[in-house]
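Read the structure below first, then the notes.
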Amino acid sequence: MLKVAVIFADGTEEIEAITPADVLKRAGIGCDIVSVSGNYPTGSHNITVKADCLAENFDMRDYDGIVIPGGMPGAVNISENKKVIEALKYAFENGKLVASICASPAVVLAKNGFIKGKRATCYPASNFLSLMKDTQYTAEDVTIDSSLITANGPRAAMKFATAICEYFRLSPKF
């Protein structure tokens, strides 16, 4: 069975994490919420979720893809977690799916040098766009560049989740 990790931190934008998790499960893809903020992280709108796994126990070799939601300060909290950055490095080096939305394409991926030269989008705030200077910024709702899927924010959460399913050639059952 395919398996994807959805990273969650205190301050994560809930719709950008929960929508992909729900839609992936509806498509038959195993999905774990991996927390960088303890067993019960609280998102940017004060919704608390229960983690399936803590980042310190997370091993990207067990997954086919990784989803990095945005939200502030969630994206910053994720970008500062060494285990997640190591997992992203492994995912990129091994052609695994990396999907990132809103602030995270800039704050997590671009800031750490993962998407230099790649086509990508993010939330169009000037502080995020300045981090995307080494990418081919598209301003699209969802951008796909090989095994990288990026999206521009909460409004694109369902398109983002569906694009992840399509990457794996699966359709969610609604």
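Please treat every number below as a calculation from the coordinates, not as lab data. Computed from a prediction, not measured in an experiment: that's the story for all the values here. For neighbour counting, all protein chains shown are included, and Cβ atoms are generated from backbone atoms with ideal geometry for every residue, glycine included.
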In the range 39-70, what residues are more than 18 Å from E86 (Cβ to Cβ) and not in a loop (DSSP other than H, G, I, E, B)? T42, T48
Quickly run through the range 130-152 and pick out the residues that are polar (S, T, N, Q), assigned to a strand (DSSP E or B) and over 21 Å from C165 (Cβ atoms). Q136
Would you call A75 touching a residue at least 12 places away in the same chain (Cβ under 8 Å) and either within 15 Å of the chain's Cα centre (by Cα) or closer than 16 Å to I164 by Cβ (or both)? yes
Need the failing condition index for N127 against (1) in contact (Cβ under 8 Å) with a residue 24 or more places away in the chain; (2) surrounded by fewer than 19 Cβ atoms within 10 Å (Cβ to Cβ); (3) not in a loop (DSSP other than H, G, I, E, B), just the number. (1)
Test each condition in (1) outside any helix (DSSP H, G or I); (2) closer than 23 Å to I29 by Cβ; (3) not acidic (D, E) for Y90 and report the one that comes out false. (1)
Applying the selection to the range 1-38, what residues are within 14 Å of N77 (Cβ to Cβ) and in a loop (DSSP other than H, G, I, E, B)? A9, D10, G11, T12, E13, V36, S37, G38
Would you check which residues across the range 40-71 are out of contact with any strand residue (DSSP E or B) (no Cβ under 7 Å at 6 or more places or on another chain), surrounded by fewer than 19 Cβ atoms within 10 Å (Cβ to Cβ) and polar (S, T, N, Q) and list them? N46, N57
Y137 vs (1) without any contact (Cβ under 8 Å) to a residue 60 or more places away in the chain; (2) touching a strand residue (DSSP E or B) at 6+ places or on another chain (Cβ under 8 Å); (3) within 25 Å of D10 (Cβ to Cβ): all pass except (3)
